[in-house]
Amino acid sequence: MVLLDNSNFILRLEKIASAAKKDSSFTITFKRYDGHDKPVPRAGRPPLPKPDTYLCLIRAQSKSQKISTVVRQEDVPTMMGMYSQFMKSKMDGLKRVKKVKSKAKAAKG
């Protein structure tokens with residue numbers, strides 16, 4: 001998994017979305033991240049210290065490509081702005097679902 005900075009993450013995410021638009025899909029996950037890379041200690045050992053502020057870990061995956069970034073608390077508004085622009089520009093292939101009226105509702109109204 002490749003750890004990128006925020007702007008490069010969005011650029012690579014656009015490339016992944018363009019490639020996935022033709023024949024596959026991709027997933028994006030958001031997770032609260034405390035900055036610890038070590039596993040939780042066993043019983044009887046001192047626990048890992050709790051961070052003052054939590055970070056946000058964003059991962060994207062498509063087929064064999066995996067990218068990720070860590071967003072600090074003060075960078076969240078700018079990152080979410082870039083992410084929303086990405087979503088608006090790349091998510092145009094969604095199809096509208098037609099609602100099917102049931103016979104009971106059709107008879108009433």
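Looking across segment 34-69, the residues that are not charged (D, E, K, R) and not in a loop (DSSP other than H, G, I, E, B) come down to Leu55, Cys56, Leu57, Ile58, Ala60, Gln61, Ser62, Gln65, Ile67, Ser68, Thr69.
Scan segment 1-57 for residues that are within 18 Å of Gln85 (Cα to Cα), among the polar types (S, T, N, Q) and touching a helix residue (DSSP H, G or I) at 6+ places or on another chain (Cβ under 8 Å) and the total you get is 3. Annotation note: Cβ proximity below 8 Å between a residue of segment 59-88 that is under 14 Å from Lys15 (Cα atoms) and a residue that is among the acidic types (Asp, Glu) (sequence gap 6+ or interchain) occurs for Phe86/Glu14.
Mind checking which residues of segment 61-72 are buried (at least 18 other Cβ atoms within 10 Å of the Cβ) and in contact with a Ser or Thr (Cβ under 7 Å, 6 or more places away or on another chain)? Spell out the reasoning first.
Taking segment 61-72 as the starting set, the residues that turn out to be buried (at least 18 other Cβ atoms within 10 Å of the Cβ) are 62, 67, 69, 71.
Passing the criteria: only Ser62.
Say we look at segment 23-52 and pick out the residues that are of a type outside the set (A, V, I, L, M) and within 13 Å of Lys63 (Cα to Cα); which of these is farthest from the chain's Cα centre (by Cα)?
Here is the first cut: in segment 23-52, the ones of a type outside the set (A, V, I, L, M) are 23-27, 29-39, 41-42, 44-47, 49-52.
Keeping just the survivors that are within 13 Å of Lys63 (Cα to Cα) gives 23-27.
Numbers: Asp23: 20, Ser24: 17, Ser25: 13, Phe26: 10, Thr27: 7 Å.
Out of the qualifying residues, it is Asp23.
Please tell me if Ser89 is surrounded by fewer than 10 Cβ atoms within 10 Å (Cβ to Cβ) and of a type in the set (S, T, N, Q).
Values: surrounded by fewer than 10 Cβ atoms within 10 Å (Cβ to Cβ): no; of a type in the set (S, T, N, Q): yes.
Answer is no for this residue.
Screening Gly44 with (1) over 22 Å from Pro77 (Cα atoms); (2) surrounded by 12 or more Cβ atoms within 10 Å (Cβ to Cβ) gives one miss only, at (2).
Taking the residues in segment 53-103 that are more than 14 Å from the chain's Cα centre (by Cα) and β-branched (Val, Ile, Thr) as candidates, determine which candidate is nearest to Ser24 (Cα to Cα). Taking the candidates together, the pick is Val97. Restricting attention to segment 6-33, the residues being open to solvent by 80 Å² or more (accessible area, probe 1.4 Å) and either touching a residue at least 24 places away in the same chain (Cβ under 8 Å) or part of a loop (DSSP other than H, G, I, E, B) (or both) number 6.
The values are calculated or read from the model by the stated rules, or taken from the named source; none is laboratory data. Treat the numbers as computed from the prediction; the structure is a model and nothing was measured. Don't worry about glycine lacking a Cβ; one is built from the backbone with ideal geometry, like all the others, and counts go over all protein chains shown. Note: areas computed on protein heavy atoms with side chains; ligands, DNA, RNA excluded. Shrake-Rupley method; radii C 1.70, N 1.55, O 1.52, S 1.80 Å.
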